[in-house]
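A short worksheet on the structure shown next.
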Amino acid sequence: MAPTEKYVLVAGGAGYIGSHTALELLLAGYKVVVVDNLCNSSEEAVRRVGELAGCDVPFYAIDLRDKEALDAVFAKYDIDAVLHFAGLKAVGESTKLPLEYYDSNVGGSIALLKTMAKHAVPKIVFSSSATVYGDVTRFENMIPIPEECPTGATSPYGHTKLIIEDILRDAATADSNLKVAILRYFNPIGAHPSGRIGEDPLGVPNNLLPYIAQVAIGRRARLQVFGDDYVGSPDGTPLRDYLHVVDLAKGHLAALAKLDSVASTVPGEGYMREWNLGSGKGSTVFQIIHAFEAATGKTIPYDIVGRRAGDVLNLTAKATRANKELNWAVTLSIEDACRDLWHWTTMNPYGYGKQPE
Ligand code: NAD
Ligand code: WQD
C-alpha cells in the first residue's frame with residue numbers, strides 16, 4: 001500500500017513489535033493511529049515513536065473487546081488497513097490462564113474484525129507465531145519449517161493463534177472485499193538502534209534475550225540455560241530462528257504492499273495467505289550467549305538446568321515464501337540485534353519505567 005491520506009490502525013501498537021512497526025510505517029510516510037489496552041506496555045513507547053518520527057501519534061488506551069470505544073476510533077479515522085498485534089503472548093502463563101487468553105486473543109480479534117467489516121476496512125495483517133507448528137520433529141524433513149507444515153500448537157496461547165487464523169480464513173472466504181496476511185513470526189529480538197524503543201517485559205522475562213540483557217545490566221544474577229542435552233543440536237541446546245525486530249517490522253510494510261497488489265483468485269471470496277517471517281537460520285542458546293558477549297564485551301554467567309516444559313529442539317523458518325512473494329528478507333544480524341538490545345538496555349535499564357522493581 002502506498003502511503004495515502006488514509007490511516008493504518010495499529011492494534012497493540014504500544015507493545016514491543018507494534019511500536020517498532022508503527023515507527024517504520026511513519027518513517028515510510030503512512031499515517032498511524034494506535035490502540036492498546038496497555039496490559040503489557042506503556043504509553044511512553046507510543047510517545048517515543050512519535051518523537052523518533054517527528055510527529056504526534058494518535059493513541060487510544062482501549063481494549064479491543066470494548067466495541068463502543070473501538071467503533072469510535074474507526075468512526076473518527078479513515079482507516080485503510082489494520083495491523084493486529086494486540087493479545088496476550090506468554091506460553092507458560094497461557095497454561096495457567098487459558099480463559100483469559102481465549103477471551104483477550106480470540107474475543108479481541110472477533111471484535112476487531114466485526115468493527116472492520118462495519119467500516120468496510122479491507123486489509124488486515126495478523127501477528128501469528130511459529131508456535132502454531134508445535135514440535136516439528138514429529139515429521140521427517142520438516143526443518144526448516146515451510147508454511148505447508150501441518151500445524152499443531154501445544155499451548156492455549158498457540159491454540160488462540162490457530163483459532164484466529166481459522167477465523168480470518170473464514171472471514172476472507174465470506175467477504176470478497178477482505179484481504180488477510182498472516183505473518184508467523186519466529187523469534188524477534190533486539191531493539192531500535194536509537195535506543196529509544198525496545199522490549200520492556202513485566203517481571204521476570206520469559207524470553208532468552210531480555211533475560212540475558214537483565215543479567216548483563218545487573219538486574220539478575222545468572223542466566224539459566226534450559227537443557228544442553230538436545231540430540232540433534234550442535235552443542236545440545238535448542239535451535240531457534242532469531243531475527244531483528246526492525247527487520248520484522250519492515251516485513252509488515254512488505255505484507256501491506258502485497259495485499260495492495262493481489263486480487264482474490266476465487267470469485268466471491270477475499271484473499272488470505274500465510275508467510276513465515278524468519279531468517280532461515282537456526283542458532284543455539286550458547287551461540288546467542290556468545291554473540292551477545294562478543295557484541296557487548298559483557299560476560300554472561302549461566303547455569304545449565306533442566307529442560308523447560310514445552311520447549312522443542314528446533315524452530316527454524318523456511319523463509320523463501322516471504323523472500324519471493326513479499327520481496328522481504330532479513331538484513332540485520334544477531335550481532336546487530338545484540339548490540340541494539342544492549343544500547344536500549346543501557347539507556348533504559350528499567351525499560352520505560354523509572355523505579356527499580
Ligand atoms: P507485547 O505484549 O509487547 O504487545 C502486545 C500488545 O497488545 C501490548 O501492548 C498489550 O498491552 C496489547 N494488548 C493485549 N491484549 C489487548 C487487548 N485485548 N486489547 C488491546 N490491546 C491489547 O507483545 P509483542 O512481543 O509485541 O507481540 C505482538 C504480537 O506478536 C502478539 O500478538 C504476539 O502474540 C505476537 N508474537 C510475538 C512474538 C514474540 O516473540 N514477541 C512471536 C510471535 C508472535
Ligand atoms: C529461546 C531459547 C529456551 C530463556 C517463545 C514462544 C513463541 C514465540 C517466541 C510468541 C529456548 C532458551 C530461554 C531462559 C533459556 N512467542 N532459554 N533460558 O521459547 O523459542 O519462543 O517466544 O509467539 O511462541 O514460545 O523463545 O526466548 O523463550 O527461548 O535457556 O531464561 O532460549 O529454552 O531454547 P521460544 P525463548
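The values are calculated or read from the model by the stated rules, or taken from the named source; none is laboratory data. It should be emphasised that the depicted structure is a prediction, and the values quoted were computed from it without experimental measurement. With ideal geometry, Cβ positions are generated from the backbone for all residues, glycine too; neighbour counts draw on all protein chains shown. For accessibility, only protein heavy atoms count, side chains too; no ligands or nucleic acids. Shrake-Rupley method; radii C 1.70, N 1.55, O 1.52, S 1.80 Å.
General observations
- Over the chain, accessible surface divided per residue gives 42 Å², non-protein components excluded, 1.4 Å probe.
- If R0 equals 35 Å, the separation of the Cβ atoms of Ala257 and Arg138 corresponds to a calculated FRET efficiency of about 0.50.
- With contacts taken as Cα pairs under 8 Å and at least 6 residues apart, the chain reaches a relative contact order of 20 percent.
- Per residue, the average separation of C-alpha pairs within less than 8 Å and at least 6 apart gives the stretch 246-347 a relative contact order of 41 percent.
- Accessible surface of the stretch 7-347 [probe 1.4 Å, protein heavy atoms]: carbon and sulfur percent: 52 percent
- Computed extension length for Asp56-Thr331: 96.1 nm, one decimal, from 0.36 nm per residue of separation with the Cα-Cα distance subtracted.
- Counted charge near Ile300, where neighbours are those whose Cβ lies closer than 9 Å (Asp, Glu -1; Lys, Arg +1): +1
- Hits among lysines - C-alpha to C-alpha of Lys31 under 17 Å, sequence gap 8 or more where chains match: Lys6, Lys76, Lys123, Lys250
- In the chain, the longest principal axis of the Cα atoms and the axis of helix 108-118 are about 20 degrees apart.
- Shown here are the Rg and Dmax of the Cα trace of the stretch 7-347, at 19.3, 59 Å.
- Count Lys and Arg as plus one, Asp and Glu as minus one, and take only other residues whose Cβ is under 13 Å from that of Ala14; the net charge is then -4.
- Cα shape, the stretch 1-119, gyration tensor, a/c 1.5 rule: oblate
- Radius 10 Å from Cβ of Asn37, net charge of other residues (Lys, Arg +1; Asp, Glu -1): -2
- In plain terms, the chain from Arg308 to Ile163 could stretch by 49.7 nm, reckoned as 0.36 nm per residue minus the Cα-Cα distance.
- Charged-residue dipole, Cβ positions (Lys, Arg, Asp, Glu), the chain about Cα centre, Debye nearest 20: 200 debye
- Remark: the stretch 232-357 is approximated by an ellipsoid whose semi-axes, taken from the C-alpha gyration tensor as √(5λ), come to 34, 20, 14 Å, largest first.
- Count of Lys pairs (Cα-Cα under 21 Å; at least 8 positions apart or interchain) in the stretch 255-333: 4
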